[in-house]
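The structure appears below as structure tokens.
The values are calculated or read from the model by the stated rules, or taken from the named source; none is laboratory data. Please read all numbers here as calculations on a predicted model, not as lab measurements. Positions of Cβ are backbone-derived with ideal geometry, glycine not excepted, and every protein chain shown enters the neighbour counts. The protein model used for the area step is the full one, side chains on, heavy atoms only, and it has no ligands, DNA or RNA in it. Shrake-Rupley method; radii C 1.70, N 1.55, O 1.52, S 1.80 Å.
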Amino acid sequence: MDTRCLDHSMTESERNQFEEQGYLIVENALPPDHIAPLAEASDRLIAEKRQAYNLGPHDAIDVPDIIGKDSLFLNLIDWHTTFPKAWGILGWNLCIYHSGLLVTPPGDPNQPAEGASVAWHQDSMRVNDEIGATPRPRLSIKIFFFVSDMSEPGRGNTLIVPGSHLHDELAVPEDGHSSPEGAIPLCVPPGAAVIIDRRIWHSRSLNHWNETRKMLMMGYSYRWLLPKDEMTVKHLYPGLDPIRKQLLRDNPSNNSTYAPEEGEVALREWLQQHDPDAAAWSSGERRQSFRPDIPIVTAAP
């Protein structure tokens, strides 16, 4: 794995931001020369989806399961500026459970503007109904890579309510188009990445600009959580290094996702060699509490 990851380990201020607000912006996550190739690869998938489903130029498009469709997307799963944040949040027993391309074209000028095309929600659907805990557990995160300019509002920006990941309910105005109190648009330039806790309340918004919003997404979860999309990646396994195999669920056994033994989790071994503190933090050995009101409890030997 790229040792540049070690230069982008999660800082204390970043961790506090994420724990308190439920999101983190990574500026300049992608270099400028990567933007156009990613946009071109995205355009190919957009054209294929439009043709296959007879979609019009103003229809929003979601393309799931993109990792196996282009090596450029595969490279994002362990990208050196963002992957360290993923293991900094979830620890070393993580993998990819979901990926996608999210596209919002400009609205049709001949149609009246309506409310957001997706209601305010927390990710993971049935998990939120069935998990039986308050507040609901994190379980997963998403990293969004922006290949279009979202530096100003009104461009189909994702809307979020900072800090709402700690609340199981959200008061939404009944008029169907107003945003809840505290909502903000994610305004970032191309090349930035945004990491969100799956529990943060968020929504799409309309695109009033003259360019299409394109956003690539990589979702990380624990290895014992089932994937959300088809994860059509087995054809990639022969050419992957051990950490990428872990991320794409080439597991030695189902049990290893729950009780991994030595040698079964490549990222843990890499961290033990390159960043022992991160490996120890991730294994629960006196993990620092970022809620000072909650004491750290360790199991008896």
If packing is taken as the mean number of other Cβ atoms within 10 Å per residue, what is the order of 102-108, 248-254, highest first?
102-108, 248-254
Using alpha-carbon coordinates alone, the radius of gyration and Dmax of the chain in Å work out to 19.5, 69
Computed over the Cα atoms of the stretch 40-148, the Rg and Dmax in Å are 16.9, 50
Whole angstrom only: what separates the Cα centroid of the stretch 1-56 from the Cα centroid of the stretch 77-91?
12
Rg from C-alpha atoms of the stretch 1-78, normalised by the globular rule of thumb 2.2 N^0.38 Å, equals 1.45
Give the separation of the Cα centroids, the stretch 239-264 to the stretch 141-218, in Å.
33
Could you run the Karplus curve 6.51 cos²θ - 1.76 cosθ + 1.60 with θ = phi - 60° over the stretch 42-51 and give me ³J(HN,Hα) per residue in whole Hz, x for Gly and Pro?
5, 4, 4, 5, 4, 5, 5, 5, 4, 5
Out of PRO238, PRO276, ASN157 - ranked by how far each Cα lies towards the positive end of the dipole of the chain, with unit charges on the beta-carbon of charged residues - the top one is PRO238
Within the under-11-Å Cβ sphere about LEU24, not counting LEU24, Lys/Arg +1 and Asp/Glu -1 give a net charge of -3
How would you rank 138-144, 160-166, highest first, on the average number of other Cβ atoms within 10 Å across their residues?
138-144, 160-166
What's the angle, to the nearest 10 degrees (0 to 90), between helix 12-21's Cα axis and the longest principal axis of the chain?
50
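Peptides 52-62, 11-21: what's the order by average Cβ count within 10 Å, highest mean first? It would help to have the intermediate numbers written out before the result.
Values: 52-62: 12.4, 11-21: 14.5.
Final packing ranking: 11-21, 52-62.
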To the nearest 20 debye, what charge dipole does the chain have about its Cα centre, counting +1 at the Cβ of each Lys and Arg and -1 at the Cβ of each Asp and Glu?
440
Projecting the Cα atoms of ALA36, ILE46, ILE66 onto the charge dipole of the chain, where Lys and Arg contribute +1 and Asp and Glu -1 at Cβ, the residue farthest towards the positive end is ILE66
Counting only helical runs of four or more DSSP H residues, what would the 222 nm mean residue ellipticity of the chain come to if each run contributes -39,500 (n - 2.57) and the total is spread over all its residues?
-7000 deg cm²/dmol
Using 0.36 nm per residue, how much length does the chain from CYS187 to ARG126 gain when fully extended, once their Cα-Cα distance is taken away?
19.0 nm
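Per the 1.4 Å probe, what fraction of the accessible area of the chain, in percent, lies on carbon and sulfur atoms?
Looking at the chain in its full context, I get 50 percent from C and S.
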Roughly how many Å² is the accessible area per residue of the chain, as a whole number, for a 1.4 Å probe?
50
Length gained if ASP70 through ARG50 is fully extended, taking 0.36 nm per residue and subtracting the Cα-Cα distance, is 5.4 nm
